[in-house]
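The values are calculated or read from the model by the stated rules, or taken from the named source; none is laboratory data. Fair warning: this is a prediction, and the values are worked out from it, not measured in the lab. Cβ atoms come from the backbone with ideal geometry, glycine included; neighbour counts cover every protein chain shown.
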Amino acid sequence: MKKVLVINTKYQKYGGEDSNIVEEIKFLNKFYKVDYLNFDNSEKLKISDIIAFFSLSNFETNKVLKLKLKSFKPDIVYIHNTWFKANLGIFNILKKQDVEIILKIHNFRFACTDTFSAAVHFNNNNMCYRCGKRKSKLNFFNKYFKNSYIKSLFVNIYGKKYIKIMRQNSLKIVVLNNFYRTYLLKKQIDKDKVFINYNPFEISDNYNYSAESDYVVYAGSLVEQKGVPELLESWKKSKVNLKLMIIGSGELEKELMKKYSSQKIEFLGFLENNKVIEVVKNSRAVVTATKMFEGQPRLISEASSFGIPSIYPSFGGLDEYFPEDYKFSFEQFNYSDLIEKIELLENKILLKEESKRIHNYIIENMSLETLKRNFESILNSNE
């Protein structure tokens, strides 16, 4: 049995991507012997971490990694998030080892780091589709990461190094949809290095969608780039006789609760993942109005596993997770279209039809056996 070492850095706040890593490890454990090397961004940042960032050599990280490589002796090293604690210097250690290196990219966070110039960063709508930020009054520089010029500069530097490593190192890169693969190819990354495989999730055997639930769910960060204010305003304007349940927290939470809490919109705050799943599986549908490119949103995956329809913007690769001619996607930034799709949730016959199509689609394309075959194909691609 092959040995797989999974390397990841946890975010300061637990989110969908962290849940995806947990599911990835559970999936790999079914077929391989797995060990996990975890770094943690919630730990206090030290001066040595800053020095390591620029030198691409973190003494503490390197020491932990070398010990793990020596004790576990993996055949495959499967890397996920490297920002910030893991440090890109781990690639210098790994390329000296006799191991297969696979890098899985979950989001577009570093795709907007081509420039620190706002004039180049933003498109004609004064917005970046990759990080979801709008142009500020200061048009010269970006604050696309945590609303900070300094942190954004760090991400800018990091992103350039990240792309360089992907171009130069002997590794295989896994992305979540063809949309992102196309983006990386435009960055002059060898097409033979870039593969597509989805995040694993359990597909429910207990398919019994009825479209009778009286509520719809949004679960995620309450921030501007996720389109939450526009979603709430659209829901408020709609004539739908359903409640919108908002799960999550974020910088806009208090403001949005004050403005939109009503009989039609209820805020549930942060919930543990098992409670989120319970709310989702009993809903009529889930909804997102994200303004930015997404990887494979956890909310959509969990909903689809139960045959729960999703309302989402037809944009940035999200269509790849649904059957053709899906009826509940809306045109990006067209909030009249979003309202139409919200009101379409009253059509129970259509909901049941789309539910069955979604469930069949993910069984055919995203089952754990399919993902295993894809993973094995990636491993064997150079043999």
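Among the residues of the stretch 182-209, those that are more than 25 Å from Gly89 (Cβ to Cβ), in contact with a helix residue (DSSP H, G or I) (Cβ under 8 Å, 6 or more places away or on another chain) and surrounded by 12 or more Cβ atoms within 10 Å (Cβ to Cβ) comprise Leu185, Ile196, Asn197, Tyr198, Asn199, Pro200, Phe201, Glu202, Ile203, Ser204, Tyr207, Tyr209.
Would you check if there is a residue in the stretch 45-57 being of a type in the set (S, T, N, Q), at pLDDT below 90 and in contact with a Gly (Cβ under 9 Å, 6 or more places away or on another chain)? There is at least one residue in the stretch 45-57 that is of a type in the set (S, T, N, Q), at pLDDT below 90 and in contact with a Gly (Cβ under 9 Å, 6 or more places away or on another chain).
Residues of the stretch 353-383 that are surrounded by fewer than 16 Cβ atoms within 10 Å (Cβ to Cβ) and more than 30 Å from Leu28 (Cα to Cα): Glu353 alone. Any residue that is part of a loop (DSSP other than H, G, I, E, B), of a type outside the set (S, T, N, Q) and within 24 Å of Ile342 (Cβ to Cβ) - is there at least one of those in the stretch 175-198? Within the stretch 175-198, none of the residues are part of a loop (DSSP other than H, G, I, E, B), of a type outside the set (S, T, N, Q) and within 24 Å of Ile342 (Cβ to Cβ).
How about the stretch 207-227: which of its residues are assigned to a loop (DSSP other than H, G, I, E, B) and in contact (Cβ under 8 Å) with a residue 12 or more places away in the chain?
Tyr207, Tyr209, Ser210, Ala211, Glu212, Ser213, Asp214, Gly220, Ser221, Leu222, Val223, Gly227
Only one entry in Lys26, Lys13 is outside any strand (DSSP E or B) and either among the aliphatic types (A, V, I, L, M) or closer than 23 Å to Phe154 by Cα (or both), namely Lys13. The listed residues are Arg298, Arg284, and the only one of them that is crowded, with 16+ Cβ neighbours inside 10 Å, modelled with pLDDT under 95 and not polar (S, T, N, Q) turns out to be Arg298. The residue of the stretch 246-262 that is modelled with the lowest pLDDT, among those that are within 23 Å of Ile277 (Cβ to Cβ) and surrounded by 19 or more Cβ atoms within 10 Å (Cβ to Cβ), is Gly248. Do we find a residue being surrounded by fewer than 19 Cβ atoms within 10 Å (Cβ to Cβ), over 16 Å from Ile105 (Cα atoms) and of a type in the set (Lys, Arg) anywhere in the stretch 218-227? No, the stretch 218-227 has no match at all. The set of residues in the stretch 16-42 being more than 16 Å from Pro200 (Cα to Cα) and surrounded by 13 or more Cβ atoms within 10 Å (Cβ to Cβ) consists of Lys33, Asp35, Tyr36, Leu37, Asn38, Phe39, Asn41.
Within the stretch 317-328, can one find any residue that is under 14 Å from the mean Cα position of the chain (by Cα) and among the aliphatic types (A, V, I, L, M)? Yes.
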